1. If I model a spin label as a point 7 Å beyond the Cα along the Cα-Cβ vector, how far apart are those points for Ala63 and Arg235 in nm?
2. Beta carbons within 10 angstrom, averaged per residue: use that to sort the peptides 83-96, 35-48, highest first.
3. Over the chain, what is the relative contact order in percent, taking alpha-carbon pairs closer than 8 angstrom and at least six residues apart?
4. So for segment 91-169, Kirkwood radius off the Cα pairs, Stokes-Einstein at 25 °C and 0.890 mPa s: how many µm² s⁻¹?
5. Please give the charge dipole size of the chain, origin at the Cα centre, charges +1 on K and R Cβ atoms and -1 on D and E Cβ atoms. Round to the nearest 20 debye.
6. With each label point set 7 Å from Cα along the Cα-Cβ vector, what nm distance links Asn156 and Glu260?
7. State, to one decimal in nm, how far the label point of Val145 lies from the label point of Asp189, with both points 7 Å from Cα in the Cβ direction.
8. Please give the contour-minus-distance gain from Ala53 to Tyr80: 0.36 nm per residue of separation, less the Cα-Cα distance, rounded to one decimal in nm.
Amino acid sequence: MKNTVTLIAVLVLSISALNLSAQQYSYDYKTMSMDEYKAELAKWQQREADAKAAIAEEDAKIAQLKEEIAAVEKEIDAVYDEIYALLETDEAGYKAYLDQLRSFEDELQAFAAMSPEEIYEKRSELDTYKSRLEDFRKDKKSLGVEAYEALSRIENLIAQAEKKAQPAAAGRYEVQRGDYLWKIAKRPDIYGDPFAWIRIYTANKDQIKNPDLIYPRQVFRIPKVAGPNEYWVERGDYLSKIAGLANVYGNPFNWQKIYEANRDVISDPNLIFPYMILVIPR
């Protein structure tokens, strides 16, 4: 570095001197006397000496700046050591923690990029993400500036995923004058299938006492994906078959549990209908 600065300074001074001489001096060496030549040589030698002195002065300033920079860097390192001590870690431990946060953030970005339906179906993973976030925050390293910012971004990604999944969890429909469940279910923006009226009925049985009687301004939940502890009846289903499913009870003899939990919509345990939403007690 020092050699480079010295060389640049010499070149600048030399070029400046040459330009100055070209502008102010014009020599005819054939007619110059020895005394005139020596006088000019002395001038240039003095200029060279002045330039070297200026370079030496700049070198001294550079050396002083380097010492000051080294002192500041030492102070910075001392401050960081104090910070790491407060965070109960060291530089390597803190960097490893930040790497874990970056990996977690990348994972969440991929999750939040999924469709609302996919997020809703995997909503149990959101609870796992929340738990992991809390575990990270229990670590004192989370109080570091970079860690705090990363954890805030992670929290925002979880919130974004939850909000994105809401339409899939349940849309809303406000009943208009002249509506009936069959007509509502047939709408392309609802189910596009009039036979799905029973899904609206069973999803809103707290509001609908008689499926033939609904009223303007009632707001119905329009589920798009089965919720937790729910089963959506399909063609060919019956209670013992549903109870025997691995993701229900894995035991067909537990059909009575389903019947007892849904007696408000099942009048005959031997008769259930497609599109019904059944509660599955756990």
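Bear in mind that the values in this text are calculations on the coordinates, not laboratory data. Every value quoted in this text rests on a predicted model; they were computed, and no experiment measured them. Cβ coordinates were reconstructed from backbone atoms using ideal geometry, including for glycine residues, and neighbour counts include every protein chain displayed.
1. The two pseudo-label positions are separated by 9.4 nm.
2. 83-96, 35-48
3. Relative contact order of the chain: 13 percent.
4. For the chosen part, D equals 190 µm²/s.
5. 2000 debye
6. 5.0 nm
7. Reported label-point gap for Val145 and Asp189 is 4.9 nm.
8. Additional length available on full extension: 5.7 nm.
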